[in-house]
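One structure is given here, and the rest of the page talks about it.
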Amino acid sequence: MPSGASWLSVSVVICCFTEARWELLLHGLASVQSQTLRPEQLVVVVDHNEDLYRRLGLYRRLTGALLGVEVVENSGPPGLSGARNTGVKAATGDIVAFLDDDAEAAPDWLARLVVLYDDPDVLAVGGRVEPVWESGRPAHFPEELDWIVGCTYKGLPRVAAQVRNVIGANMSFRSDVFERVGGFNASLGRQGDRPLGCEETELCLRASMGSPGTRVVYEPAAVVRHHVPATRGTLRYMLSRAWSEGVSKAEVTRLLGRSQILGPERRYVRRVLPRAVLAGLRSCGRDGDVGGLARAGVILAVLAVTAIGYLQSLWQSSSSPVRASGSVLYRLIRDNSGGKPSD
């Protein structure tokens, strides 16, 4: 494959917060350590979990498996944005790449990302995130909604192309982006029971607005595989995440003050979802596939809940100081799902 910008140094940051993902975290670390393009630095940021921080230190001393890995504690506010910003501060590379703690990178992941930085106008590169379903993909869960589980969804480009934003589980930035525009917005991202996300979307938009003519690129050949628990395939979880997405997009719109930033969402709703609904209905009518009918219904339900969350959040932010995460509808969806939405 092309060597391109392989001369650039790379720091990889993995943020973690729970011991429940211990084995997944170790697999992810091993996948980074075995890259064809070895990173200059591998940083693990522990998000305010003393037990996990001590366990990583003990594991490194006893096994030697994490030699060379820097393990640091989140020095910012609890949550993913604070942890990522801590990782950025610790990073020394020209490029800072992020991998989720429940994801595993393909051997050429970094090489595929970094080669695109040969173009000086490229400020961020993201890759494909493939879901690895714990119990298989549910029949009612269409690929067009894989964004719900933090993965690449059907409708994204199939070849390298300019996009608005990268996907959080598989993304990279030039380090000087953070020097120019700051880090991830701590008012976004998962923290406690707040449903907000889209911190990578807001950062990409802020960086692009601050440097006209630059580009964010999606490279589907740069692949990571993302673990998806069975609990995230339920309708209740899907609706809770849809609500969170609507609230998050409303918050990004409020922060940046530009409704046109939702152009990709409008195209997705106009082009991708109608085809997916029709495909599900045809599958049901032609083949007797009940799952096709379920997929069509779920798409419509997710679209409706996302829109309601977006509109209600905008209304609340303009008419009262009450946060959208405290709304009655959100709490109803959350409580019926048996827990809070999470990324």
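General remarks:
- Boolean, Asp146 is touching a residue at least 60 places away in the same chain (Cβ under 8 Å) and charged (D, E, K, R): no
- Per the listing Val44, Val13, Val32, the residue uniquely touching a Leu at 6+ places or on another chain (Cβ under 9 Å), open to solvent by less than 60 Å² (accessible area, probe 1.4 Å) and not in a strand (DSSP E or B) is Val32.
- Verdict on Ile261 being assigned to a helix (DSSP H, G or I), touching a residue at least 40 places away in the same chain (Cβ under 8 Å), farther than 17 Å from Phe141 by Cβ and open to solvent by less than 50 Å² (accessible area, probe 1.4 Å): yes
- When we screen Val247, Val224, Val228, Val216 for residues that are open to solvent by less than 20 Å² (accessible area, probe 1.4 Å) and at pLDDT below 95, the only hit is Val247.
- Lone unmet requirement of (1) farther than 23 Å from Gly197 by Cα; (2) surrounded by 13 or more Cβ atoms within 10 Å (Cβ to Cβ) for Leu25: (1)
Here is a yes/no grid of residues against (1) of a type in the set (Gly, Ala, Ser); (2) closer than 23 Å to Gly87 by Cα:
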residue: Leu188; (1), (2): no, yes
residue: Gly210; (1), (2): yes, yes
residue: His226; (1), (2): no, yes
residue: Pro229; (1), (2): no, no
residue: Arg232; (1), (2): no, no
residue: Arg236; (1), (2): no, no
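- Check on Met209, of a type outside the set (Asp, Glu), open to solvent by 40 Å² or more (accessible area, probe 1.4 Å) and within 23 Å of Asp94 (Cβ to Cβ): yes
- Some residue of the range 190-213 being of a type outside the set (Gly, Ala, Ser), more than 18 Å from the chain's Cα centre (by Cα) and outside any helix (DSSP H, G or I): yes
- Within the range 231-244, the set of residues being assigned to a helix (DSSP H, G or I), open to solvent by 30 Å² or more (accessible area, probe 1.4 Å) and hydroxyl-bearing (Ser, Thr, Tyr) comprises Thr231 only.
- Filtered residue count, the range 109-157, keeping only those that are charged (D, E, K, R), open to solvent by 10 Å² or more (accessible area, probe 1.4 Å) and either out of contact with any strand residue (DSSP E or B) (no Cβ under 8 Å at 6 or more places or on another chain) or part of a helix (DSSP H, G or I) (or both): 5
- Candidate set from the range 264-315 (those that are closer than 30 Å to Met209 by Cα and polar (S, T, N, Q)); member that is most open to solvent (accessible area, probe 1.4 Å): Gln312
- Conditions (1) out of contact with any strand residue (DSSP E or B) (no Cβ under 8 Å at 6 or more places or on another chain); (2) under 27 Å from Ala186 (Cα atoms); (3) touching a residue at least 60 places away in the same chain (Cβ under 8 Å): number failed by Pro78: (1)
- Filtered residues of the range 159-180 (kept if assigned to a strand (DSSP E or B) and either out of contact with any His (no Cβ under 9 Å at 6 or more places or on another chain) or free of Cβ contacts under 8 Å to residues at least 60 places away in the same chain (or both)): Ala161, Gln162, Val163, Ile167, Met171, Ser172, Phe173, Arg174
- Among residues of the range 282-298 that are over 18 Å from Pro138 (Cβ atoms), none has a Cβ under 7 angstrom from a residue that is part of a helix (DSSP H, G or I) at a sequence gap of 6+ or on a separate chain.
The values are calculated or read from the model by the stated rules, or taken from the named source; none is laboratory data. As the structure is a computational prediction, the values presented were derived from the model and not from experiment. Here the Cβ is made from the backbone with ideal geometry for all residues, glycine too, and neighbour counts use every protein chain on show. Ligands, DNA and RNA are stripped out before the accessible areas are found, and what is left, the full protein with its side chains, is counted by its heavy atoms. Shrake-Rupley method; radii C 1.70, N 1.55, O 1.52, S 1.80 Å.
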